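> Structure below; questions to follow.
The values are calculated or read from the model by the stated rules, or taken from the named source; none is laboratory data. Treat the numbers as computed from the prediction; the structure is a model and nothing was measured. Every residue, glycine as well, gets a Cβ built from its backbone with ideal geometry; the counts of neighbours run over all protein chains shown. Just so you know, the surface numbers come from the protein's heavy atoms only, side chains and all, with ligands and any DNA or RNA stripped out. Shrake-Rupley method; radii C 1.70, N 1.55, O 1.52, S 1.80 Å.
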Amino acid sequence: MTPFIFIVESSLPLPARMVLAATALSTSSISTALVGWSGASYVVDLRRLSPAENGNIEGIEMTTLTLTLKKLVTRVYDADFLVETKRPFAKWELVQNVLLPPSKEDALMAVKGGAPGEEETIAETFDATGKIVGRWIVKWENDGAGTCRGIGKVVRYFNVHEELL
């Protein structure tokens, strides 16, 4: 639309045409960005990773799409690191902080924690070629506490439709 504002003859002065063109471009850019933000977390394919293929822990593999419809596959190696989120257009998120129960209460959960200072990859995001584009890593502290951080472009939020579950 913007080129036509300058091509078509009109009684509008050039500065007014420039304002109209800038308004059209910015509106288009903002709406595209909003569609990209809200649709980026939508999961199109969900696959469970069995304990046999995932180091004796049940995991999940989720496929999302970029704005240009390129596949991103995120493997969450331990499903316990996915929690419900309050973010709009998403159902789950990779946890930011984790606190595992003491071994007295739940021995199975307690063994998932690492030694203080140890880092562990919780999830990885791959592009369509299988190249790792991002990782979600937990750094373990004392008493089963851990702080997570992202490296690269990891997909952290997931909008999973109930039909996929």
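> Could you name the lysines whose alpha carbon sits less than 18 Å from that of LYS112, not counting residues in the same chain fewer than 8 places away?
Result set, ordered by chain and number: LYS104, LYS139.
> Please state the charge dipole magnitude for the range 48-165, taken about the Cα centre, from unit charges on C-beta atoms (+1 on K and R, -1 on D and E), reported in debye and rounded to the nearest 20.
Numbers: 15 positive and 18 negative charges, 127 e Å.
The dipole of the range 48-165 has a size of about 600 debye.
> Oh, and also: Debye calculation, C-alpha points only, no solvent: report log10 I(q)/I(0) for the range 1-97 at q = 0.21 Å⁻¹, in the same order as the q values.
Summing over Cα pairs of the range 1-97 leads to -1.06.
> Still on this structure, please answer the following. Ignoring any ligand, DNA or RNA, what whole percent of the accessible area of the chain comes from carbon and sulfur when the probe is 1.4 angstrom?
59 percent
> With every protein chain present, what is the per residue accessible area of the range 28-69 (1.4 Å probe, Å²)?
Details: 2550 Å² over 42 residues.
It amounts to 61 Å² per residue over the range 28-69.
> Next question. Over its Cα atoms, what ratio of radius of gyration to 2.2 N^0.38 Å does the range 115-165 give? Write down the numbers at each step before the final one.
Numbers: Rg = 13.8 Å, N = 51, 2.2 N^0.38 = 9.8 Å.
Dividing the Cα Rg of the range 115-165 by 2.2 N^0.38 Å gives 1.40.
> I need the Kirkwood Rh of the chain: take the reciprocal of the average 1/r across all distinct C-alpha pairs and report it in angstrom.
Details: mean 1/r = 0.0538 Å⁻¹.
Evaluated on the chain, it is 18.6 Å.
> Cα-based Rg (one decimal) and Dmax (whole number) for the range 14-61, in Å?
When restricted to Cα atoms, the range 14-61 yields Rg and Dmax of 22.0, 68 Å.
> Which is farthest toward the positive dipole end of the chain among ALA33, VAL83, THR125, measuring Cα position about the Cα centre, with Cβ charges +1 (Lys, Arg) and -1 (Asp, Glu)?
The Cα lying farthest towards the positive end belongs to ALA33.
> If you don't mind, there's one more thing I want to ask. Using θ = phi - 60° and the Karplus form 6.51 cos²θ - 1.76 cosθ + 1.60, what ³J(HN,Hα) does each residue of the range 56-65 get, whole Hz, x for Gly and Pro?
Ordered by residue, 3J(HN,Hα) equals 6, 10, 6, x, 9, 10, 10, 9, 10, 10 Hz.
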